[in-house]
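Undergrad: Got a structure for you, questions after.
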Amino acid sequence: MNILIINHYAGSMEMGMEFRPYYLGQEWIKLGHKVSVIAGDYSHLRKKNPVVEKDFQKENIAGLTYYWVKTGTYEGNGAQRAITMFRFVGKLWMQAKMIAKHIKPDVVISSSTYPIDTYASQRIAKFSHARLIHEVHDMWPSTLTEVGGMPKWNPFVIAMQIGENSAYRHSDYVVSLPPYAKKYMMKHGLKEEKFCHITNGIVLGDWEHPEEIPEEHREALEKYREQGKFIVGYFGGHALSNALDILIDAAECLRDDKNIQFVLVGNGVEKEKLQEKAKKKQLENICFLPPVPKLSVPKLLDLFDCVYIGAMNSPLYRFGIAMNKIYDSMMGGKPLLYAVNAPNNYVKRYHCGVSVEPGDVKELIQGIKKLMSMSEQERNTLGRNGKNAVIEHFNYTVLAKKFESVMRGDIGE
């Protein structure tokens, strides 16, 4: 098959997130398919953006053909970001016939965060006589209203809602990362038999030959280990949705326990505020470190004793979650300190950590102490349970084959 992925924020191993189109594309190439990706030239998720001089500039990345569209830059989630979305979709809509003629896709996958990419995807699929699959990463516009606080009558929200409804009505299939979104989607026009859940996961090859972590990280973490400290680690984005504020509160309550060290690795809009809060409280038991490359995550996890996975207590998570860091942490063989209110609780399902109520500092502290009180063998058992689950269910070789069956029309949850 000739597969076209449309994802505004698609990245690669070198550029950084978002990784899913790259990972799936790699697996589909191994299965004998040809894969093209159309993406915007700028994404806030990437650590490195491509230098693009003209629209649909072509680049080969590890066998995948990328076509870059100039969209302009933005900061935060304001009007400028919205402009880049409409610019990206508009250019694809205008050039749909050219794209169909040049790429000749058998399958078109609209795979952006926001749903209005469906309009361009529908048009390209029509000109190509291709199967159209809409892939849902985040529940827009629910994310905008339930997390972002935007009113439902906001023109931007209304535009996203119309786009979402159109995607559900006109796509041949919908692939949803959130596992419990089917009933919601059916209320917005999706036929039940068109729904399929395919989550995120890991690439086994990335864990066979991992890269070393930066010296700054190694020195800090090895020092804590030499001091016999129990390291509660976190890696990834520092945003409100990651519920890192509660870690600062827990660190404050545990400041007299010299056996615990909190280590936060990553970057994000809330990092400066979190650092300032820790500094104001004069907390010596919490350390902030820069992000590490994706391929260094296995080595980073080796130096943690447990991994904190948190999310704000929002009704949005009733659809379930598919955070990349969950699968990485499980693959790293570390027990999870899990503070998320979502129906797909892997900690409980696979017995791979301790689950606590999100936003509850006392429960979080109890969870930490519970993990500390375990023997190393008990913690290793929890970690091994998680790793075995990921290898069996959540690696991209398995996920790509499941997605391939959807592209062929042989769908099944």
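The values are calculated or read from the model by the stated rules, or taken from the named source; none is laboratory data. Note that this is a predicted model, so its numbers are computed, not measured. Note that each Cβ is placed from the backbone with ideal geometry, even for glycine, and that neighbours are counted across all protein chains shown. Areas reflect the complete protein model, heavy atoms only, side chains present, ligands, DNA and RNA absent. Shrake-Rupley method; radii C 1.70, N 1.55, O 1.52, S 1.80 Å.
Undergrad: Testing the spin-label approximation: label points 7 Å from Cα along Cα→Cβ at Q227 and E208. State their distance in nm.
TA: Once both label points are built, they end up 3.9 nm from each other.
Undergrad: Just the Cα atoms of region 254-308: what Rg and Dmax do they give in Å?
TA: For region 254-308, the Cα radius of gyration and maximum Cα-Cα distance read 12.4, 35 Å.
Undergrad: Let me ask something else. Return the Rg/Rh ratio of the chain with Cα-based radii and a Kirkwood Rh. Don't skip to the end; give the middle numbers.
TA: Numbers: Rg = 21.6 Å, Rh = 22.2 Å.
Result: Rg/Rh = 0.97.
Undergrad: Over 17 Å apart: what share of the alpha carbon pairs of region 181-261 falls there, rounded to a whole percent? Before the final figure, lay out each step's value.
TA: Working: 2335 of 3240 pairs.
Value for region 181-261 (Cα pairs over 17 Å): 72 percent.
Undergrad: Right, here's the next one. Here are some pairs, K152/K183; K47/K101; K183/K362; which of them have Cα atoms lying more than 30 Å apart in this structure? Present the calculation step by step, with values, prior to reporting the outcome.
TA: Values: K152/K183 20 Å; K47/K101 33 Å; K183/K362 35 Å.
Pairs exceeding the cut-off: K47/K101; K183/K362.
Undergrad: Please compute the net charge surrounding D328, taking Lys and Arg as +1 and Asp and Glu as -1 over other residues with Cβ under 10 Å from its Cβ.
TA: +2
Undergrad: Where both residues lie in the chain, what percent of DSSP beta bridges are antiparallel, nearest 5? Intermediate results must be reported in sequence, preceding the final value.
TA: Details: 6 of 51 bridges.
Percentage antiparallel, nearest 5: 10.
Undergrad: Then there's this: When the Kirkwood radius is taken over all Cα pairs of region 124-169, what Stokes-Einstein diffusion coefficient follows at 37 °C and 0.692 mPa s, in µm²/s?
TA: In µm²/s, the coefficient is 276.
Undergrad: Can you report the principal axis dimensions of region 235-336 using only the alpha carbons, biggest first, rounded to whole angstrom?
TA: Result for region 235-336: principal-axis Cα extents of 36, 33, 22 Å.
Undergrad: Which net charge results when you count Lys and Arg as +1 and Asp and Glu as -1 among the other residues whose beta-carbon is under 13 Å from that of I109? It would help to have the intermediate numbers written out before the result.
TA: On the way: positive: R20, R131; negative: D106, D117, E135, D172, E404.
Computed value for this residue: -3.
Undergrad: Using alpha carbon centroids, what distance separates region 7-21 and region 83-107, in Å?
TA: Region 7-21 and region 83-107 have Cα centres spaced 19 Å from each other.
Undergrad: Ordering M139, M94, M150, M323 by accessible area with a probe of 1.4 Å, largest first, what comes out?
TA: Numbers: M139 10, M94 135, M150 55, M323 35 Å².
Most to least solvent-accessible, the answer reads M94, M150, M323, M139.
Undergrad: If E284, E222, E392 are ordered by their accessible area, calculated over protein heavy atoms with a 1.4 Å probe, which sequence runs from highest to lowest? Before the final figure, lay out the partial values.
TA: Numbers: E284 165, E222 70, E392 120 Å².
The most accessible residue leads, giving E284, E392, E222.
Undergrad: Same structure, new question: If I histogram all Cα-Cα distances within region 148-203 using bins 5 Å wide from 0, what percent of pairs lands in each bin?
TA: 4, 19, 23, 19, 18, 12, 4, 1, 0
Undergrad: Take every Cα pair under 8 Å in the chain that's 6+ residues apart, average their separations, divide by the length, and report that relative contact order as a whole percent.
TA: Working: 807 pairs, mean separation 53.0, N = 413.
In percent, rounded to a whole number, it is 13.
Undergrad: Given 0.36 nm per residue, what is the gain on full extension from K279 to E75 after removing their alpha carbon distance, in nm? All intermediate terms of the calculation are to be shown ahead of the outcome.
TA: Values: separation 204, 0.36 × 204 = 73.44 nm, distance 2.64 nm.
Going from the current span to full extension adds 70.8 nm.
Undergrad: If each DSSP helix of 4+ residues adds -39,500 (n - 2.57) and the sum is divided by the residues in the chain, what number results at 222 nm, nearest 500 deg cm²/dmol?
TA: Details: 16 runs with 167 residues, N = 413.
-12000 deg cm²/dmol, from helical runs alone.
Undergrad: Taking region 271-337, how many lysine pairs are there with alpha carbons less than 15 Å apart, if each pair must be eight or more places apart or span two chains? Each step should come with its number before you reach the end.
TA: Numbers: K271/K279; K271/K280; K273/K281; K294/K325; K299/K325; K299/K334; K325/K334.
Number of lysine pairs found: 7.
Undergrad: Would you tell me the accessible area of F230, worked out with a 1.4 angstrom probe on the heavy atoms of the protein chains, in Å² to the nearest 10?
TA: 20
Undergrad: Please list the non-local residues whose amide H lies under 5 Å from the amide H of N267, H modeled 1.01 Å from N, same-chain partners needing a gap of 5 or more.
TA: Amide H neighbours of N267: G236, H238.
Undergrad: Quick one: work out the % antiparallel among DSSP beta bridges in region 31-147, nearest 5. Let's see the in-between values first.
TA: Numbers: 5 of 14 bridges.
Looking only at bridges with both residues in region 31-147, the antiparallel portion is about 35 percent.
Undergrad: Then there is this: Over the Cα atoms of region 354-393, how large are the radius of gyration and the largest Cα-Cα distance (Dmax), in Å?
TA: Calculated on Cα positions, Rg and Dmax stand at 12.3, 34 Å.
Undergrad: If you don't mind, another one. Could you pull the accessible area for E216 with a 1.4 Å probe, rounded to 10 Å²?
TA: 100
Undergrad: Still on this structure: Specify the residue with the greatest mean-square fluctuation among K191, K325, K183, computed from a Gaussian network of the chain linking alpha-carbon atoms under 10 Å apart.
TA: Highest fluctuation of the listed residues: K183.
Undergrad: Can you sort D138, D117 by 1.4 Å-probe accessible area, starting with the largest? Could the numbers behind the result be given before it?
TA: Values: D138 75, D117 0 Å².
The residues order as D138, D117, largest area first.
Undergrad: Also: Please report the projected area of region 287-413's Cα convex hull averaged over all directions, in nm². Show your work: numbers first, answer last.
TA: Details: hull surface 36.9 nm².
Average projection, Cα convex hull of region 287-413: 9.2 nm².
Undergrad: Could you give me the ³J(HN,Hα) list for region 299-316, computed from phi with Karplus coefficients 6.51, -1.76, 1.60 and θ = phi - 60°, whole Hz, x at Gly and Pro?
TA: Each residue of region 299-316 in turn: 5, 5, 5, 4, 9, 8, 9, 8, 10, 7, 10, x, 8, 4, 7, 10, x, 4 Hz.
Undergrad: Which value, to two decimals, describes the C-alpha radius of gyration of region 311-381 once divided by 2.2 N^0.38 Å? Display every interim value, and only then the final one.
TA: Numbers: Rg = 12.3 Å, N = 71, 2.2 N^0.38 = 11.1 Å.
The reported ratio for this selection is 1.10.
Undergrad: For a paramagnetic label modelled at 7 Å from the Cα of Y180 toward its Cβ, which residues of region 337-352 fall within the zone defined by backbone nitrogen distances under 12 Å?
TA: Inside the label zone: 341-346.
Undergrad: N388 to A239: FRET efficiency via 1/(1 + (r/R0)^6), r the Cβ-Cβ distance, R0 30 Å, to the nearest 0.05? Numbers along the way, then the final one.
TA: On the way: r = 30 Å, r/R0 = 1.01.
For R0 = 30 Å, the calculated efficiency reads 0.50.
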